[in-house]
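Structure first, then comments.
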Amino acid sequence: TLETERREAEAVLAYDFSPDAAFLALYNKCFSTPIQQYTYEVCFYKSAAQKEGHSSQLGSWGRWEATPEGGAHSVMMYTNGGSCWNGPSRSMRVELVCGDEDYVVSVQEPARCEYHMEFMTPLACRQESADRARRELEATGVPVTV
């Protein structure tokens, strides 16, 4: 119904897509990668899963976490995933790193049922990083055009 669509649109607008709304471009897009016998998938602002015949929920979109290197919008936390035998409920930490295209770089399980994904995207590139790289290139004598 129209009322349902309105409520869903209001919920989406309440998400934190960053001050310049850059991460809106990732909303509801899914990316996956096979690693050993599993396929790991993240659907931005929705959920994360591990698949091997069946799907294990690694978490639902929870919140942003800041890092000193990446700032306030550098790590996305997916929490309250499926229960883990003799462990906590599953969760996934997705670190966004600067790169020229969108893709899953790696997935690790550093602790039982706690997964870490590195996701490369141009949306994670910050102006300060670009300026620093430009200055470093100019210092080597490489002409830089903008």
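Within region 109-129, can you find the residues that are closer than 13 Å to GLN57 by Cα and open to solvent by 30 Å² or more (accessible area, probe 1.4 Å)?
GLU114
Which ones in region 9-49 are more than 15 Å from the chain's Cα centre (by Cα) and closer than 22 Å to HIS116 by Cβ? Reasoning before the result, please.
Within region 9-49, the subset more than 15 Å from the chain's Cα centre (by Cα) is 9-14, 19-20, 34-39.
Within region 9-49, PRO34, ILE35, GLN36, GLN37, TYR38, THR39 meet the criteria.
Restricted to region 1-108, the set of strands (runs of 3 or more DSSP E) holding at least 1 residues that are surrounded by fewer than 14 Cβ atoms within 10 Å (Cβ to Cβ) comprises 30-35, 47-52, 54-67, 71-79.
The values are calculated or read from the model by the stated rules, or taken from the named source; none is laboratory data. As the structure is a prediction and not an experimental result, all values here were calculated from the model. Note that we place each Cβ from the backbone using ideal geometry, even for glycine, and neighbour counts take in every protein chain shown. For accessibility, only protein heavy atoms count, side chains too; no ligands or nucleic acids. Shrake-Rupley method; radii C 1.70, N 1.55, O 1.52, S 1.80 Å.
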